[in-house]
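The values are calculated or read from the model by the stated rules, or taken from the named source; none is laboratory data. Note that the coordinates shown come from a computational prediction; the quantities given were computed from them, not determined experimentally. Please note: Cβ atoms are built from the backbone with ideal geometry, for glycine as well, and neighbour counts cover all protein chains shown.
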Amino acid sequence: MQAIRVMTYHVHRCRGGDGRSDPERIAEVIRQVAPDLVALQDVNSAEDRSQLAYLAAQLGMQSFGQDRVGDNALLSLVPLKGVQEYRLARGGCCQRADIDIAGQRLYLYNLRLDSGFYRYRQQVRALFGPELLGRHSSQCPQLVIGDFAEPLAAALLFNWPGTMRRTPTPFWSATYPARLPLFDRDRGYMRGGLRILDCSVLHSSLAREASTHLPVSFTVQIADPRHYLRLGGLKNRRMEIAPG
């Protein structure tokens with residue numbers, strides 16, 4: 001079964017912890033992971049609205065997004081369908097796309113939530129509303145990745161339904177702040193027949209300087225939905241009709 005590598009990366013408008021804006025550093029961090037698809041958060045600055053276009057050109061990937069300041073966007077080497085953007089309440093945003101993996105459909109959500117308890121609660125309600133997760137709750141597998149913002153608000157307010165589960169994480173999954181990561185703001189949740197074969201946080205020296213967040217990558221595979229009949233031992237060496 002085919003698997004793809006998906007990366008989530010809050011690029012902080014390509015501004016690193018040293019205060020310097022440098023899209024090439026972000027591009028090089030992405031090259032270090034070599035993903036098939038990148039979910040970007042907070043791309044494009046007021047001074048440079050071409051950051052997304054620059055990253056797409058440097059990486060040879062197709063971009064899905066606008067030139068708005070601080071937007072979500074996708075960079076992909078795999079075909080995407082039905083890409084849509086949703087504004088959640090009070091500053092949050094979500095981008096949805098359909099991915100076909102070996103003929104099977106995966107719903108991907110690129111999420112960025114905002115800090116603050118009241119805003120956070122409203123954004124989570126919108127996320128589970130009929131236009132997003134509520135709409136596709138019983139259909140294809142889903143993967144929600146991105147920046148889940150304030151850790152305390154997430155712990156108290158972000159209660160997923162029982163069908164949603166946290167993706168496997170490495171032993172040290174903190175991603176923020178990048179220079180000394182203490183909080184796992186950047187992570188993923190999934191629903192349906194998905195397998196996460198690998199999950200890792202990139203801790204390279206360049207990643208710690210390029211943005212205020214560290215990137216997280218997932219190797220994703222859709223589980224085979226077919227069921228196979230388990231046969232008992234054959235009575236002799238001659239060919240027989242299998243039961244069922």
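Filter the range 169-204 down to the residues that are of a type in the set (Ser, Thr, Tyr) and modelled with pLDDT of 95 or more, then identify the one that is farthest from residue 125 (Cα to Cα).
Start the filter on the range 169-204 by keeping residues that are of a type in the set (Ser, Thr, Tyr), which leaves 169, 173, 175-176, 189, 200, 204.
Filter once more, keeping what is modelled with pLDDT of 95 or more: 175-176, 200, 204.
Working: 175: 25, 176: 25, 200: 29, 204: 36 Å.
Per the stated criteria, the residue is 204.
Just to be sure, is residue 57 within 20 Å of the chain's Cα centre (by Cα), surrounded by fewer than 18 Cβ atoms within 10 Å (Cβ to Cβ) and not charged (D, E, K, R)? Steps first, answer last, please.
Values: within 20 Å of the chain's Cα centre (by Cα): no; surrounded by fewer than 18 Cβ atoms within 10 Å (Cβ to Cβ): yes; not charged (D, E, K, R): yes.
So residue 57 fails the test.
Restricting 226, 208 to residues that are out of contact with any Ser or Thr (no Cβ under 8 Å at 6 or more places or on another chain), crowded, with 19+ Cβ neighbours inside 10 Å and either closer than 28 Å to residue 30 by Cβ or at pLDDT below 60 (or both) narrows the list to 208. Per the conditions (1) buried (at least 23 other Cβ atoms within 10 Å of the Cβ); (2) at pLDDT below 95, the sole criterion not satisfied by residue 89 is (1).
Summed over the range 135-168, the residues that are at pLDDT below 90 and either in contact with a helix residue (DSSP H, G or I) (Cβ under 9 Å, 6 or more places away or on another chain) or of a type in the set (Val, Ile, Thr) (or both) give a count of 10. Output the residues belonging to the range 108-124 that are on the phi < 0 side of the Ramachandran plot and either more than 14 Å from the chain's Cα centre (by Cα) or modelled with pLDDT under 95 (or both). Of everything in the range 108-124, those that are on the phi < 0 side of the Ramachandran plot and either more than 14 Å from the chain's Cα centre (by Cα) or modelled with pLDDT under 95 (or both) turn out to be 113, 114, 115, 117, 118, 119, 120, 121, 122, 123, 124.
Scanning the range 170-184 for residues that are in contact with a strand residue (DSSP E or B) (Cβ under 8 Å, 6 or more places away or on another chain) and surrounded by fewer than 16 Cβ atoms within 10 Å (Cβ to Cβ) yields a total of 3. Taken over the range 173-221, the criterion of being farther than 26 Å from residue 20 by Cβ, among the polar types (S, T, N, Q) and not in a strand (DSSP E or B) is satisfied by 173 alone. Look at the range 102-123: where a residue is in contact (Cβ under 8 Å) with a residue 12 or more places away in the chain and among the polar types (S, T, N, Q) and a partner is surrounded by fewer than 19 Cβ atoms within 10 Å (Cβ to Cβ) and not in a loop (DSSP other than H, G, I, E, B), sitting 6+ places away or on another chain with Cβ atoms under 9 Å, you get 115/91; 122/89; 122/90; 123/89; 123/90; 123/91.
Annotation: of all residues in the range 98-107 being assigned to a strand (DSSP E or B) and surrounded by fewer than 21 Cβ atoms within 10 Å (Cβ to Cβ), the one that is nearest to the chain's Cα centre (by Cα) is 98.
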